Structure formats: structure tokens, C-alpha cells
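J.: First, the structure itself, so that you have it in front of you.
The values are calculated or read from the model by the stated rules, or taken from the named source; none is laboratory data. Everything numeric in this text was worked out from a predicted model, so none of it was measured. Backbone-built Cβ (ideal geometry, glycine too); neighbour counts: all protein chains shown. Note: areas computed on protein heavy atoms with side chains; ligands, DNA, RNA excluded. Shrake-Rupley method; radii C 1.70, N 1.55, O 1.52, S 1.80 Å.
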Amino acid sequence: MATPFRVHHGRVAPLRRSHVDTDQIIPKNFLKRIERTGFGPFLFHDWRRTPGGNLDPAFPLNQPRYAGASILVAGPNFGCGSSREHAAWALTDAGFRVVVAPSFADIFRTNAVGNGLVPVAISEAAVNTILDRAESGEGYELTVDLERCEVRDSQGLAERFAFDEASRQRLLEGKDEIDLILANDADISAFEQRQHGAP
């Protein structure tokens, strides 16, 4: 069972890039673990480091002012590329609860919801406003309200977003795929008994 998500308030890390693909979110050479944890340190590994292997101070996630951020904001088509679920694992393991972007690749969105990571799609204009505010100051924060389907900040931003109801309820209740199956346990057992001819 995942942690229920209703209203989250957190610091923003800006990633002003479009078409962020899963190969960059978590490069393939780190996909050797069978657990869902331990991928956070390798998030955006190739972007975070210089060709010499040192941390690049220009990359936002390496900057102290974004330390502890739990909301990542990026450009359109976030999560494109391969279907690896490890991308969602790496983001959650690094402490992110929400990714805000104008649009998401479908498979990434499905993987995110399945792992309790909330993919929020809002207008590109609103995303650019958030990126500007996060880059121009320190400690910029957002409130992501899944109950009201709204993103807010302290500077007057209030942007509504659409979210399919099945995924929304699943996140609000903190349910994963196993929980959804177990909710139908009685029906599944009855079906199996009919299939096997049990009395």
C-alpha cells in the first residue's frame, strides 16, 4: 500500500528541459537492482555530472537552494523514451512526490501513478511562471491539492488541472495494484470455484 496523497506542500526544483526521457532520468547502467529503492542517487546521473565525473554546479538538483525539493517542474513530454518503471522509482527514491509539466508520456504517467508519484499536467504558460519563480528566488514552494485538483503558490498562482478519476481515487486512498486486486478477492475466489467445478 502506498502513502495516500491528498494535499502536498513542498519546495520546487526547476528543470527547464523538454522531452526529458527515461534514459536520462535513470540511465540504463544503473538498472541492475531488483529492489525499487536505491535508485535516487543516480537520478539524472549524466546531466548532474561533468565529463570528468564531478558534480556540475550548474545543474539545478546540485544547487543547495533546491535541496530537499519534493516537487519537480519540467517542460512538455516528460518521461518519454523507454518504458522503464525505474524512472518513477528513481524520482520517488530521491524524495519527489510530484512532477509538474505541460504533458507526460503515457507509460511514464501510468508508472508514476502506480508508484504513488503524482504527475500533474498544467498549461505551459503556468509551468513557465513556476520555473521563472523557482529560478529567480530561494525556497520557492507550491501546494499541490489533489482533492481540489489545483496547484497554488503564495504569489497568487492558482492553476486547475485534470486528473482521471480512477487514478485520482487510487492516489487519494494510497492504493497500489495489489490493493485493487484484493478489493475483488471474493469475486475472484467465486470465479475460481466455478472454473474448477467446486461446490
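J.: Let me spell it out: the conditions are (1) among the aliphatic types (A, V, I, L, M); (2) surrounded by fewer than 16 Cβ atoms within 10 Å (Cβ to Cβ); (3) modelled with pLDDT under 95; (4) within 23 Å of LEU172 (Cα to Cα), and VAL7 meets all of them except one. Which number is the exception?
T.: In the conditions (1) among the aliphatic types (A, V, I, L, M); (2) surrounded by fewer than 16 Cβ atoms within 10 Å (Cβ to Cβ); (3) modelled with pLDDT under 95; (4) within 23 Å of LEU172 (Cα to Cα), VAL7 misses (3) alone.
J.: Of the conditions (1) crowded, with 20+ Cβ neighbours inside 10 Å; (2) under 9 Å from the mean Cα position of the chain (by Cα), GLY116 fails just one. Which one is it?
T.: In the conditions (1) crowded, with 20+ Cβ neighbours inside 10 Å; (2) under 9 Å from the mean Cα position of the chain (by Cα), GLY116 misses (1) alone.
J.: Also: Is at least one residue of region 91-101 touching a Ser or Thr at 6+ places or on another chain (Cβ under 8 Å), within 23 Å of THR143 (Cα to Cα) and charged (D, E, K, R)?
T.: Keep residues of region 91-101 that are touching a Ser or Thr at 6+ places or on another chain (Cβ under 8 Å), which gives 93, 95-98.
Adding the requirement that they be within 23 Å of THR143 (Cα to Cα) leaves 93, 95-98.
Imposing the further condition that a residue be charged (D, E, K, R) reduces the set to 93, 97.
Within region 91-101, one or more residues are touching a Ser or Thr at 6+ places or on another chain (Cβ under 8 Å), within 23 Å of THR143 (Cα to Cα) and charged (D, E, K, R).
J.: Ok, one more. Which one is farthest from GLU165 (Cα to Cα) among residues in region 12-34 that are open to solvent by 70 Å² or more (accessible area, probe 1.4 Å) and of a type outside the set (S, T, N, Q)? Full working, then the answer.
T.: First pass over region 12-34, keeping only residues open to solvent by 70 Å² or more (accessible area, probe 1.4 Å): 16-17, 19, 28-29, 32-34.
Cutting the leftovers down to of a type outside the set (S, T, N, Q) gives us 16-17, 19, 28, 32-34.
Values: ARG16: 29, ARG17: 29, HIS19: 26, LYS28: 33, LYS32: 35, ARG33: 33, ILE34: 31 Å.
This residue is LYS32.
J.: Still on this model: Can you name every residue in region 40-58 that is open to solvent by less than 50 Å² (accessible area, probe 1.4 Å), at pLDDT 95 or above and more than 19 Å from the chain's Cα centre (by Cα)?
T.: ASP56 - this is the single residue of region 40-58 that is open to solvent by less than 50 Å² (accessible area, probe 1.4 Å), at pLDDT 95 or above and more than 19 Å from the chain's Cα centre (by Cα).
J.: Right, next: Would you tally the residues in region 119-143 being of a type in the set (A, V, I, L, M) and either touching an Asp or Glu at 6+ places or on another chain (Cβ under 8 Å) or open to solvent by 30 Å² or more (accessible area, probe 1.4 Å) (or both)? Walk me through it before giving the result.
T.: Taking region 119-143 and keeping what is of a type in the set (A, V, I, L, M), we get 120-122, 125-127, 130-131, 134, 142.
This time we only want the ones that are either touching an Asp or Glu at 6+ places or on another chain (Cβ under 8 Å) or open to solvent by 30 Å² or more (accessible area, probe 1.4 Å) (or both), so: 121-122, 125-126, 130, 142.
The qualifying residues number 6.
J.: Something else about it: Among the listed residues ARG65, ARG97, identify the single one that is more than 14 Å from the chain's Cα centre (by Cα) and at pLDDT 95 or above.
T.: Values: ARG97 fails: more than 14 Å from the chain's Cα centre (by Cα).
It is ARG65.
J.: Just to be sure before I move on: is THR37 in a loop (DSSP other than H, G, I, E, B), open to solvent by 30 Å² or more (accessible area, probe 1.4 Å) and among the β-branched types (Val, Ile, Thr) in the structure I sent?
T.: Taking the combined requirement at face value, the residue satisfies it.
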